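Input: a single structure, listed below in structure tokens.
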Amino acid sequence: MMNYCDDCKVYVDACLKFCPLCGKRLTEHPLENELYPHVTKKKFVDRHSLTMEYMSFATFVVICLCIVVNLFTWDGHPWFLAVAAPVLYTWVLVYITILSDMSAGLKTLLQVVTLTAMFIAFDYVGGGLGWSYEVMMPLLLALGIAYIDLYSYYHKSYWRDNLLFAFLLLLLGFIPLILHLSGIRIALIPLVLSTFASAITVLGILRFAFRQLKSEMQRRFHM
Amino acid sequence: MPPFLKRGNCMPDKRDWYRLDTAAKIYPSISQTHNNTTFRLELELDAPVKQEKLQEALVKIMPRFPTFAVTLRRGMFWYYFEPNPAIPVVKEENGFPCKRLKDFINNGFLFNIMYYKKNVIMECFHGLADGAGAIEFFKTLMYEYFKLCGYDMDAEGMVLDAEGKVPAEELENSFNAYYDAKGEANKLRVPKAFHIMGTPNTDGGIFLTHGIIDLNEFLAKVKARGVTVSAYVAALLIACTAKEQGLEYKKDKRPIIISVPMDLRGMFPSHTLRNFISFANVGTVIDGKIDFDRILADVSAQLKAGLSKENISAMINKNVGFEKNPFIRMTPLFVKNLVVSASYKNYGEGGYTMVLSNLRTAQFPKTMQAHIRQVYYALGVSDMNPMNCVVVSYQDKMVITLARGIKETGIVRYFFEHFSKELGMRVEIRGNEWSGQ
């Protein structure tokens with residue numbers, strides 16, 4: 001059924017209350033639109049993103065406040081790092097690790113990197129004893145690599161999504177060894193654990209998944 | 001001999017990923033932000049759609065269309081398509097038409113098959129295929145759907161067989177096939193075009209206004225003028241835009257440019273289902289007075305020149321040459337995204353005012369035509385160019401769809417009033433609406 005708009009001289013679908021060209025009212029009782037579903041205006045505010053905006057603003061304010069207070073009461077200790085680091089880590093933990101749908105590989109990589117960074121900040125503020133990179137860094141790397149190995153084993157269909165990040169994690173796994181060889185003291189057991197985890201995983205990939213790795217590299221690098 | 005004939009009917013190679021074709025490379029980068037790169041095909045049937053039959057038909061045809069059964073992935077240097085083992089789900093349409101890529105929620109697929117009352121809708125990300133490729137997919141889907149509904153069907157050689165083999169030429173990047181490294185490349189600079197000003201729609205929705213006119217009556221009027229449908233509609237769009245935006249009284253020297261995509265399969269034989277289109281930009285500067293006859297003559301001549309084989313070849317050489325440039329190839333994807341997204345505003349959509357896509361006649365076998373009442377095609381809009389136009393004919397009707405992302409209806413009004421008042425034709429208007437507009 002069609003109504004007629006005298007102004008535009010066109011026939012208008014009877015589902016449209018107003019002429020879509022000139023806006024003239026054509027009917028008081030429009031029929032149901034047979035072509036398109038009726039869309040009602042959004043009557044809600046996206047509470048999730050609004051909360052996130054408030055939270056990120058609060059984070060920014062807290063960190064800025066700490067930096068300003070720390071600078072004005074400077075006693076040689078950048079203690080604001082001990083506040084900023086855990087706050088930023090909490091963001092990664094909640095926003096990425098818990099709430100996002102990123103791949104497990106990326107989440108693990110980010111967890112290892114941000115946790116290590118947080119411990120280095122604590123270590124630095126607490127006098128720079130070196131426990132963060134001597135013990136915590138290799139331990140976290142070993143744990144991260146072990147987790148990604150187990151995850152890939154139990155979630156085989158996702159292994160390709162994780163491959164690139166797992167590969168980066170494996171490379172990071174050799175950092176304690178490189179530091180040790182360049183004369184920086186690293187605790188023996190964590191060093192062995194991280195190097196062993198990396199080495200055994202690299203060997204495992206080369207032995208069992210070399211073709212998949214090659215194919216993945218081809219598509220990622222357009223070779 | 002065209003490239004696809006040289007190879008014969010061979011099976012596609014067994015790689016399990018696809019590079020994006022030359023035209024598609026840009027779409028993922030620009031669709032993440034301000035641009036809508038979705039087009040919409042809609043068939044109005046003679047009976048309410050049966051969801052379970054449509055779903056069954058979709059599952060059946062997916063193996064026949066490997067370039068549609070993919071998901072988009074990020075590589076180090078380019079995006080790429082990877083086969084998607086999931087099943088695309090048929091849903092009842094809700095929300096606005098021409099959803100942006102980021103709003104596609106369909107198990108990672110880059111197209112959506114939806115239904116609403118008697119309508120079957122396919123919304124497709126342009127990076128996946130052009131209109132011609134998507135129509136082949138949609139036709140096969142509907143053919144299988146009608147068969148499952150129990151109708152007698154005869155493909156008459158116009159529909160791809162859902163159980164047939166997949167020829168390699170359907171998967172090829174035809175731009176590469178016709179690229180001539182030593183050939184002349186297009187070096188024309190793109191002038192900055194005029195852009196339509198308006199108030200953006202609430203909630204980012206798009207208004208689709210379909211004007212349905214008599215095909216033969218319009219063709220007779222166009223032929224009497226000695227021009228093509230595309231030239232006539234493009235000239236009319238320019239005239240209406242100039243009138244509505246008050247360019248008669250402004251000293252704006254930017255031309256109103258209509259970008260007309262052209263299916264290259266007619267000029268360069270190809271059976272690809274991926275993108276194989278080029279654009280001819282036609283337009284004119286409105287200098288004081290809107291003279292429709294002068295605009296029509298200008299546009300018609302420019303369209304003829306722009307769609308010549310030499311010009312299109314030069315355009316292909318330029319685009320493929322750009323893609324093959326070692327410096328560009330080695331640039332990491334995140335840098336490409338930043339550069340493309342920023343520069344597309346200047347050199348891409350900055351160079352035109354509106355897109356006019358003429359999909360000519362929608363052709364279906366007679367047994368399918370008996371169940372299809374009307375065909376509606378549409379194209380998403382961008383923030384910079386908030387309007388565009390799609391023309392398609394079906395049986396004895398022509399449907400001209402104007403999509404707009406702004407509230408002002410002036411251009412649409414002048415456009416359809418030209419048919420109803422100046423040409424004295426019967427115009428039927430259909431479209432969408434939403435509350436709070």
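The values are calculated or read from the model by the stated rules, or taken from the named source; none is laboratory data. The structure presented is a predicted model; accordingly, all values stated were derived computationally and were not measured. Don't worry about glycine lacking a Cβ; one is built from the backbone with ideal geometry, like all the others, and counts go over all protein chains shown. These accessible areas exclude ligands, DNA and RNA; they are computed on the full protein's heavy atoms, side chains included. Shrake-Rupley method; radii C 1.70, N 1.55, O 1.52, S 1.80 Å.
In the stretch B:50-94, how many are of a type outside the set (S, T, N, Q), within 26 Å of B:V392 (Cα to Cα), within 12 Å of chain A (Cβ to nearest Cβ) and more than 21 Å from the chain's Cα centre (by Cα)? Within the stretch B:50-94, residues that are of a type outside the set (S, T, N, Q), within 26 Å of B:V392 (Cα to Cα), within 12 Å of chain A (Cβ to nearest Cβ) and more than 21 Å from the chain's Cα centre (by Cα) number 2.
So, of the residues in the stretch A:178-197 that are touching a residue at least 24 places away in the same chain (Cβ under 8 Å) and not in a helix (DSSP H, G or I), which turns out to be surrounded by the most Cβ atoms within 10 Å (Cβ to Cβ)? Among them, the one singled out is A:I186. Hey, any hits in the stretch A:94-108 for a residue that's within 20 Å of A:S198 (Cβ to Cβ) and at pLDDT 90 or above? Within the stretch A:94-108, one or more residues are within 20 Å of A:S198 (Cβ to Cβ) and at pLDDT 90 or above. Looking at B:T367, B:T331, just one residue is over 30 Å from B:N119 (Cα atoms) and open to solvent by less than 50 Å² (accessible area, probe 1.4 Å), and that residue is B:T331.
So for the stretch A:170-177 (the condition being in a helix (DSSP H, G or I) and within 14 Å of chain B (Cβ to nearest Cβ)), does at least one residue qualify? Write out each step before concluding.
Step one: list which residues in the stretch A:170-177 are in a helix (DSSP H, G or I), which gives A:170-173, A:175-177.
Filter once more, keeping what is within 14 Å of chain B (Cβ to nearest Cβ): none.
Within the stretch A:170-177 (the criterion being in a helix (DSSP H, G or I) and within 14 Å of chain B (Cβ to nearest Cβ)), the answer is no, since none of the residues qualifies.
Consider B:A224 carefully, then state whether it is in a helix (DSSP H, G or I), over 20 Å from the mean Cα position of the chain (by Cα) and small (G, A, S). Spelling it out, B:A224 is indeed in a helix (DSSP H, G or I), over 20 Å from the mean Cα position of the chain (by Cα) and small (G, A, S).
Report the residue count in the stretch B:200-242 for those that are open to solvent by 30 Å² or more (accessible area, probe 1.4 Å) and more than 14 Å from chain A (Cβ to nearest Cβ).
Residues of the stretch B:200-242 open to solvent by 30 Å² or more (accessible area, probe 1.4 Å): B:200, B:202-204, B:214, B:216-217, B:219-221, B:223-226, B:228.
Subset that is more than 14 Å from chain A (Cβ to nearest Cβ): B:200, B:216-217, B:219-221, B:223-226, B:228.
Number of matching residues: 11.
Scanning the stretch B:148-159 finds no residues that are under 20 Å from B:T22 (Cα atoms), touching a residue at least 40 places away in the same chain (Cβ under 8 Å) and of a type in the set (S, T, Y). Checked against the criterion of being more than 30 Å from B:A177 (Cβ to Cβ), touching a residue at least 24 places away in the same chain (Cβ under 8 Å) and not hydrophobic (A, V, I, L, M, F, W, C), the stretch B:64-79 has no qualifying residue.
Mind checking which residues of the stretch B:256-280 are touching a Pro at 6+ places or on another chain (Cβ under 9 Å) and of a type outside the set (S, T, Y)?
Here is the first cut: in the stretch B:256-280, the residues touching a Pro at 6+ places or on another chain (Cβ under 9 Å) are B:257, B:268-271, B:277-280.
Residues satisfying the conditions are B:I257, B:F268, B:P269, B:H271, B:I277, B:F279, B:A280.
If you take the residues of the stretch A:174-203 that are of a type in the set (G, A, S) and within 15 Å of A:V135 (Cβ to Cβ), which of them is farthest from the chain's Cα centre (by Cα)?
A:A187
Residue by residue through the stretch B:291-338, note down the ones that are of a type in the set (V, I, T) and within 24 Å of the chain's Cα centre (by Cα). Selection gives B:V299, B:I312, B:I316, B:V320.
If I filter the stretch B:302-322 down to residues being open to solvent by 30 Å² or more (accessible area, probe 1.4 Å) and in contact with a Phe, Trp or Tyr (Cβ under 9 Å, 6 or more places away or on another chain), which single residue comes out as nearest to B:P255 (Cα to Cα)? Once the filter is applied, the top-ranked residue is B:M315. Can A:N33 be described as open to solvent by less than 90 Å² (accessible area, probe 1.4 Å) and within 14 Å of chain B (Cβ to nearest Cβ)? So A:N33 fits the description; yes.
Only one of these is of a type in the set (S, T, N, Q) and within 10 Å of chain A (Cβ to nearest Cβ): B:T353, B:T409. Name it. Step through it out loud before you land on a result.
Numbers: B:T353 fails: within 10 Å of chain A (Cβ to nearest Cβ).
The match here is B:T409.
Restricting attention to the stretch B:251-270, does a residue exist that is open to solvent by less than 20 Å² (accessible area, probe 1.4 Å) and part of a helix (DSSP H, G or I)? No. The test for being open to solvent by 30 Å² or more (accessible area, probe 1.4 Å), modelled with pLDDT under 90 and not in a strand (DSSP E or B) does not hold for B:L160.
Would a scan of the stretch A:107-124 turn up a residue that is of a type outside the set (K, R), open to solvent by 60 Å² or more (accessible area, probe 1.4 Å) and more than 30 Å from A:F60 (Cβ to Cβ)? Walk me through how you get there before you give the answer.
Residues of the stretch A:107-124 that are of a type outside the set (K, R), as a first pass: A:108-124.
Then drop every residue that is not open to solvent by 60 Å² or more (accessible area, probe 1.4 Å), which leaves A:113, A:120, A:122, A:124.
Filter again for more than 30 Å from A:F60 (Cβ to Cβ), leaving none.
No, the stretch A:107-124 contains no residue that is of a type outside the set (K, R), open to solvent by 60 Å² or more (accessible area, probe 1.4 Å) and more than 30 Å from A:F60 (Cβ to Cβ).
Residues that are part of a helix (DSSP H, G or I), at pLDDT 95 or above, farther than 30 Å from B:F137 by Cβ and of a type in the set (K, R) are absent from the stretch B:297-312. The set of residues in the stretch B:149-164 that are more than 27 Å from the chain's Cα centre (by Cα) and hydrophobic (A, V, I, L, M, F, W, C) comprises B:C149, B:M153. At least 3 residues being over 13 Å from B:Y394 (Cβ atoms) is the threshold, and among the helices (runs of 4 or more DSSP H) wholly inside the stretch B:318-381 those reaching it are B:326-329, B:333-343. Here B:I429, B:I400 are screened, and the one residue that is crowded, with 18+ Cβ neighbours inside 10 Å and either more than 9 Å from every other protein chain (Cβ to nearest Cβ) or assigned to a helix (DSSP H, G or I) (or both) is B:I400. Within the stretch B:191-219, count every residue that is more than 21 Å from the chain's Cα centre (by Cα) and part of a loop (DSSP other than H, G, I, E, B). Summing the residues that are more than 21 Å from the chain's Cα centre (by Cα) and part of a loop (DSSP other than H, G, I, E, B) in the stretch B:191-219 gives 7. Among what's in the stretch A:6-16 and is open to solvent by 30 Å² or more (accessible area, probe 1.4 Å) and charged (D, E, K, R), pick the residue that is nearest to the other protein chains (Cβ to nearest Cβ). Checked the stretch A:6-16; the qualifying residue nearest to the other protein chains (Cβ to nearest Cβ) is A:K9.
None of A:Y89, A:Y95, A:Y54 is in contact (Cβ under 8 Å) with a residue 40 or more places away in the chain and either under 36 Å from the mean Cα position of the chain (by Cα) or exposed (fewer than 13 other Cβ atoms within 10 Å of the Cβ) (or both) except A:Y95.
Being at pLDDT 90 or above and buried (at least 19 other Cβ atoms within 10 Å of the Cβ): is that true of B:P63 here? Against the criterion (at pLDDT 90 or above and buried (at least 19 other Cβ atoms within 10 Å of the Cβ)), B:P63 does not qualify. Of all residues in the stretch B:81-99, those that are assigned to a strand (DSSP E or B) and either surrounded by 20 or more Cβ atoms within 10 Å (Cβ to Cβ) or β-branched (V, I, T) (or both) total 1.
Only residues that are more than 11 Å from chain A (Cβ to nearest Cβ) and part of a loop (DSSP other than H, G, I, E, B) were counted in the stretch B:100-127, giving 10. Within the stretch A:17-29, take every residue that is more than 9 Å from every other protein chain (Cβ to nearest Cβ) and of a type outside the set (V, I, T) and give me the one that is least open to solvent (accessible area, probe 1.4 Å). Taking the candidates together, the pick is A:L26. For the stretch B:412-426, filtered to residues that are under 24 Å from the mean Cα position of the chain (by Cα) and open to solvent by 30 Å² or more (accessible area, probe 1.4 Å), the residue that is nearest to the other protein chains (Cβ to nearest Cβ) is B:R413.
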